[in-house]
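The values are calculated or read from the model by the stated rules, or taken from the named source; none is laboratory data. No experiment lies behind these values; they were computed from the predicted model shown. With ideal geometry, Cβ positions are generated from the backbone for all residues, glycine too; neighbour counts draw on all protein chains shown.
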Amino acid sequence: MEVSIIKIGNSKGLRLSKSILERYNIKDKVELILEKGQIILKPIEQPRKGWDKAFKEMQENNDDQLLIDDMFGDESFDEWK
């Protein structure tokens, strides 16, 4: 696909169509990769994408139990009052 370089203030850039932005789930930022004479624009993935589904599956499989107690036997919270 051929796109034109356009003037943006004192710089230049390229304009991506709405369909490209939606298709590749591009929001506000992309990763710019310079590689062997090529410029690659890569959508930035959400680091926690899919965690909600994974946590729900863990709960359904009863695999979301704590590995250690969240409070030790000799721990006292009186000083926090």
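Here are the numbers for this structure:
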item: Test: Lys36 is under 30 Å from Gly13 (Cα atoms), surrounded by 10 or more Cβ atoms within 10 Å (Cβ to Cβ), charged (D, E, K, R) and at pLDDT 90 or above; result: no
item: Failed item in (1) under 23 Å from the mean Cα position of the chain (by Cα); (2) exposed (fewer than 10 other Cβ atoms within 10 Å of the Cβ), with Ser11 passing the rest; result: (1)
item: Among the candidates Ile40, Ile26, residue that is in a strand (DSSP E or B), within 30 Å of Met1 (Cα to Cα) and not charged (D, E, K, R); result: Ile40
item: Tabulated pairs, the stretch 19-41, first among the charged types (D, E, K, R), second assigned to a helix (DSSP H, G or I), C-beta under 9 angstrom, 6+ apart or interchain; result: Lys27/Leu21
item: Long-range neighbours under 6 Å by Cβ, at least six apart or interchain, first residue part of a helix (DSSP H, G or I) within the stretch 48-71, second surrounded by 10 or more Cβ atoms within 10 Å (Cβ to Cβ) and of a type outside the set (Phe, Trp, Tyr); result: Met58/Asp64
